[in-house]
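Rule-based calculations on the coordinates, nothing more; no lab input. Worth saying up front: this structure is predicted, and the values here are computed from it rather than measured. Glycine gets a Cβ as well: all are built from the backbone with ideal geometry, and neighbour counts include every protein chain shown.
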Amino acid sequence: MNISELTREESYQLTLKWIKDRGVSVAEIAELTYFLQEPFIPNLTHEMCQDSVCTVLKKREIQNAVWTGIQLDLLAEKNQLAEPLLSIIRQDESLYGIDEVLSIAILNVYGSIGFTNYGYIDRLKPGVLKRLNDKSTGQVHTFLDDLVGAIAAAAAARLAHDQQS
């Protein structure tokens, strides 16, 4: 499949499918967004958060980051990367940091508030992030956990920007 052959809607749907195939729902990402913004936005709803997550996921730059990270996780799961990269990704080595760097591409889309949101939930690891960080499952989510956190943080930043209008 050539990316130039995909419509905007098809690339969005492909992104949703890849995330879902890795065991993460849009609703779980939206729950993180709600967690981040509920104290600051009166009358915030889960539907508003889900809409914001979906809007974030429609951006090609974000889709590219998601596709890249998921593929690296899958290759590591299948032992199809060369050492030492394979061990680094499989173990989610703390000094690796490239998973966070890829997530910064997502955070940059909605400004500096995304960084603070991301740092906060990356430290706490609430909801789906806790599950994705569980190394006992045999799945590799070195990139996906950070990407999900960044998507939620970007969606929260988007909501915060909308409140300022």
**Prompt:** Based on the alpha-carbon gyration tensor of segment 1-154 and its eigenvalue square roots a ≥ b ≥ c, which shape applies: rounded if a/c is under 1.5, prolate if not and a/b is larger than b/c, or oblate?
**Reply:** oblate
**Request:** Rounded to the nearest 0.05, what FRET efficiency do Asn108 and Ala82 give with R0 = 30 Å and r taken as the Cβ-Cβ distance? Could you check?
**Result:** 0.55
**Max mean-square fluctuation residue, GNM over the chain, Cα-Cα springs under 10 Å, options Leu102, Leu129, Leu44** = Leu44
**Message:** Taking the Cα centre as origin and putting +1 on Lys and Arg beta-carbons and -1 on Asp and Glu beta-carbons, what dipole magnitude results for the chain, to the nearest 20 debye?
**Reply:** 60
**Asked** Relative contact order for the chain: what is it in percent, counting Cα pairs under 8 Å that are at least 6 residues apart?
**Response** 33
**Prompt:** With a ≥ b ≥ c the root eigenvalues of the C-alpha gyration tensor of segment 56-112, is it rounded (a/c under 1.5), prolate (a/b larger than b/c) or oblate?
**Reply:** oblate
**Options Leu72, Thr15, Met48, ranked by Cα towards positive dipole end of segment 8-124, top entry (Cβ charges)** = Thr15
**Request:** Show me 91-98, 156-163 ranked by packing, highest mean number of other Cβ atoms within 10 Å first.
**Result:** 156-163, 91-98
**Prompt:** Based on Cβ point charges of +1 for Lys and Arg and -1 for Asp and Glu, what charge dipole magnitude is obtained for segment 20-82 about its Cα centre, in debye rounded to the nearest 20?
**Reply:** 300
**Fill in**
Highest mean packing first, using Cβ neighbours within 10 angstrom, the peptides 82-90, 3-11 sort as 82-90, 3-11
**Asked** Which whole-number percentage describes the relative contact order of segment 72-165, with Cα contacts under 8 Å and a sequence gap of 6 or more?
**Response** 39
